[in-house]
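Step one of this worksheet: look at the structure below.
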Amino acid sequence: MDLLLRPEDIAFRDEVRRFLQDNVPHDMRRAIGLTTGFIVDPTVSIDFHRALARKGWSVSHWPVEHGGTGWTPVQRYIFDLEFGRAGAPLYNALGSHFVGPVIIHYGTQQQKDKYLPRIRSGDDYWAQGYSEPGSGSDLASLKTKALSDGDHYVVNAQKIWTTMAHNAHRIFALVRTSSTGKRQEGITFLLIDMDTPVITVRPIIGNGGDHEFNEVFFHDVRVPKANRLGEENKGWEVAKYLLEFERGGRVLAGQVRAQFTSLVRLMGTRCPDDDALRTRMAEIGTDLDAMEMIDVSVLSTMQAGGNPGPISSLLKMRWSQIRQSITELAMDAIGDAALTWMPERPFYETLQLPPEEEELLAIPPRYLNARAFTIMGGTSEVQTNILAKSLVGL
């Protein structure tokens, strides 16, 4: 890689490495390594995010006028690669990578002034209110009602699979403001404060014992119309724009690189001479390198002010598959001991683990959590259909 970098890029890489060394301490890396889900608890990552904010790097992918860095695609690639290798935590992608760019594109000046600084600083933690019982991949079938009442909407709904809602200060939600015409034409995009009265959050515990998902209930919740993003009944357009950042933005690459780095260490200590497993590891590494190169091309588009476009569906689908492959290989590397794991009886009781192998404790529940990757955020089947229509013309 050094052979491809200009001297100024090497200097930038060294600066990033120094920053990460100073701001990702051992205890933080240990907490991340033991995280069984796909999102690190905000109490673990908030100090690092604030360090990024002080450096001016917390929303490096945003336009410069809103706090971005103006980095080149190569610098973005270097940063994300070093970020992943250092095991650095991402604080709140739903804020910085999803709703933030959408507020920049669709928001009023008042909304930008209110929300963007708090996303940059980490003062606001966001959740996403999309899925509903009976309305998963078919998002346009949502039934959440928002009735107009003067300067407010009155919202009644049940949202489900709401990631980290129990930690969120705010939630962006799709609601139905009209039932006439096409289903997509009656949807509105709202920004809602989670401390609004009569919002109830109920946990959903995953099969690995992790608490990431929730049900969220809205009971006659009054939301100011000033919190509407975009036009009334035009929220589907806003949602599609956001989904391209969710599926094609630079959220997953650093996380997957960090997990692959851990996998390499694991393979080296537990099965260094197993050629079949090492071949699988090499294949995953090749896939990971290829995906990062595709991401660099997407970064060029985003650097020019565009959104990722249909290629985001390919990125989402392949990143999900690679993440699953990493957890599957990790389980095979552990071997029979992984079969004894239960949430109430951690499998480390059956292993003699030195401190440097503590991360093994998270692999079985992380494997279970990863089964959802090809479902959450839009199933792989949905992504395939999008690609067939938009890129192949079927």
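Here are the numbers:
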item: Local electrostatic count, TYR115, Cβ distance below 9 Å [Lys/Arg +1, Asp/Glu -1]; result: +2
item: Mean separation of Cα contacts under 8 Å (6+ apart) over length of region 1-72, as relative contact order %; result: 15 percent
item: Solvent-accessible area per residue for the chain (1.4 angstrom probe, square angstrom); result: 45 Å²
item: Computed FRET value (nearest 0.05) for ALA337 with LEU391, which takes r as the C-beta separation and R₀ as 51 Å; result: 0.70
item: Amide H contacts under 5 Å for ILE204, placed H, 5+ residues apart; result: PHE213, ASN214, GLU215
item: Dipole magnitude of the chain, debye to nearest 20 (Cβ charges: Lys/Arg +1, Asp/Glu -1, about Cα centre); result: 1040 debye
item: Calculated [θ] (222 nm, deg cm²/dmol) that DSSP helices of n ≥ 4 give over the chain, each run adding -39,500 (n - 2.57); result: -14500 deg cm²/dmol
item: Eligible aspartates and glutamates near LYS316 by straight Cα distance, threshold 12 Å, same-chain separation 8 or greater; result: GLU244, GLU246, ASP295, GLU381
item: Protection proxy ranking, peptides 55-61, 282-288, average beta carbon neighbours within 10 Å, highest first; result: 55-61, 282-288
item: Inter-label distance, nm, simple model (7 Å from Cα along the C-beta direction), HIS26/LEU277; result: 2.6 nm
item: Estimated distance in nm for a label pair at ALA140 and HIS219, the labels positioned 7 Å out from Cα along Cα-to-Cβ; result: 3.4 nm
item: Restraint check, LYS145/LYS234; LYS240/LYS389; LYS159/LYS225; LYS112/LYS234; LYS145/LYS225; LYS112/LYS159, Cα-Cα greater than 22 Å; result: LYS112/LYS159
item: Carbon and sulfur %, accessible surface of the chain computed with the full protein complex present, 1.4 Å; result: 52 percent
item: LYS55 paired with VAL198, simple spin-label distance in nm, labels 7 Å along Cα-to-beta-carbon; result: 4.6 nm
item: Stretchable slack from THR269 to THR108, in nm (0.36 nm times residue separation minus alpha-carbon distance); result: 52.6 nm
item: Projected-area mean, the chain, by convex hull of Cα positions, square nanometres; result: 20.6 nm²
item: FRET efficiency, THR261 to ASP123 (Cβ-Cβ, R0 30 Å, nearest 0.05); result: 0.45
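The values are calculated or read from the model by the stated rules, or taken from the named source; none is laboratory data. Here the structure is a predicted model, which means the values were calculated and not measured. Cβ sites come from the backbone with ideal geometry, for glycine too, and all protein chains shown count toward neighbours. When the accessible area is computed, the model is the full protein with side chains, heavy atoms only, and any ligands, DNA or RNA have been set aside. Shrake-Rupley method; radii C 1.70, N 1.55, O 1.52, S 1.80 Å.
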